[in-house]
Amino acid sequence: MVSVLLCTSCITNKDLTLLQEGKKMPQYEKKEYTYYKIQKNDMLRIRLLTTNDEAAQIFDFGSSNSGGSTNGRSYRVYDDGTIDIPFISKIPVAGLSVREAAKVVESKIKEFVPDAMIKMALANDKFYIISDGVKGAYPLYKEKLNIFQAIALSGNFANNSDRKRVRILRPDSEGKTRIMEFDMRTKSIIGSEYYYIQPNDVIYISSIKGNFFRTESYSSSINAITTSLNFLVTVFNLGVRTGLY
């Protein structure tokens with residue numbers, strides 16, 4: 001039983017605490033925030049603002065209201081990186097930020113509707129979490145959503161999740177997937193390339209290695225051993241009474 005106690009490792013505050021400082025913590029460099037670049041198969045929600053209701057109906061961006069704006073429709077980015085809107089086709093948007101793409105579409109629309117203003121947003125603005133206790137798709141409700149806010153949306157990771165080796169699978173505009181591994185316990189993650197979540201990110205966190213032999217505290221280990229000892233004593237006493245020993 002002593003051997004079991006010695007071989008059993010516990011999950012400590014060091015494994016769980018975030019924003020740690022110290023020489024033993026990895027140090028990540030600060031990196032300027034980069035806006036998401038539109039990729040193939042993304043869905044773009046486009047909204048037209050104009051005082052010309054007739055023009056809004058012609059372009060069919062959605063039902064117009066008394067304010068001269070439309071509710072918007074979603075358009076898929078084709079494999080060639082373009083979108084088609086009513087009467088205008090092959091508008092290149094892949095590789096652009098959403099703001100840049102909105103200006104491109106707006107310039108095309110203004111050829112027909114001089115007072116046109118375009119509002120654009122990503123329709124598939126979700127990120128995904130896969131872990132031992134939490135998994136699912138979550139809305140990216142703002143542009144600069146950080147890793148801590150993303151985890152809070154999912155309800156936090158389990159105590160046996162390996163915060164030292166968090167991975168983000170991030171697709172790029174070329175159709176490749178970049179795997180980014182980092183230690184989210186260190187304070188230096190703030191402002192680094194791992195800090196902000198982007199649309200279509202998959203956050204993956206595995207369980208701590210050797211989790212089968214791990215307990216969440218020393219008191220849990222002691223309780224388990226005490227229970228085992230009580231069981232052995234009971235069995236021994238039963239054996240003495242029945243003449244087995």
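The values are calculated or read from the model by the stated rules, or taken from the named source; none is laboratory data. All figures in this text were calculated on a predicted structure; none of them were measured in a lab. Neighbour counts run over all protein chains shown; Cβ positions are idealised from the backbone, glycine included. SASA here: full protein model, heavy atoms, side chains in, ligands and nucleic acids out. Shrake-Rupley method; radii C 1.70, N 1.55, O 1.52, S 1.80 Å.
For the reader, a short list of remarks on this structure follows.
- Check: the stretch 111-174 dipole with +1 on Lys, Arg Cβ and -1 on Asp, Glu Cβ, in debye: 500
- The order of the peptides 128-134, 169-175 by mean Cβ neighbours within 10 Å, most packed first, is 128-134, 169-175.
- For Arg47, neighbours were defined as the other residues whose beta-carbon sits under 9 Å from its Cβ, and their charges (Lys and Arg +1, Asp and Glu -1) total +3.
- Only the Cβ atoms of Lys and Arg (+1) and of Asp and Glu (-1) were treated as charged; on that basis the dipole of the stretch 81-192 about its Cα centre amounts to roughly 400 debye.
- Net charge contributed by nearby residues that have their C-beta within less than 11 Å of Lys14 (K/R +1, D/E -1): +3
- For the stretch 115-210, with all protein chains in place and a probe radius of 1.4 Å, 50% of the accessible heavy-atom surface sits on carbon or sulfur.
- Packing-based ranking of 84-91, 144-151, 199-206, 28-35 yields 199-206, 144-151, 84-91, 28-35, ordered from highest to lowest mean Cβ neighbour count within 10 Å.
- A simple spin-label model places pseudo-atoms 7 Å from Cα toward Cβ; at Lys31 and Tyr204 they are separated by 1.8 nm.
- FRET efficiency estimate (nearest 0.05) - Cβ-Cβ, Asp80 to Phe148, R0 35 angstrom: 0.40
- Heavy-atom accessible area per residue - the stretch 15-161, 1.4 Å, Å²: 57
- If you take all other residues with their beta carbon under 13 Å from the beta carbon of Val77, and give Lys and Arg +1 and Asp and Glu -1, the sum is +1.
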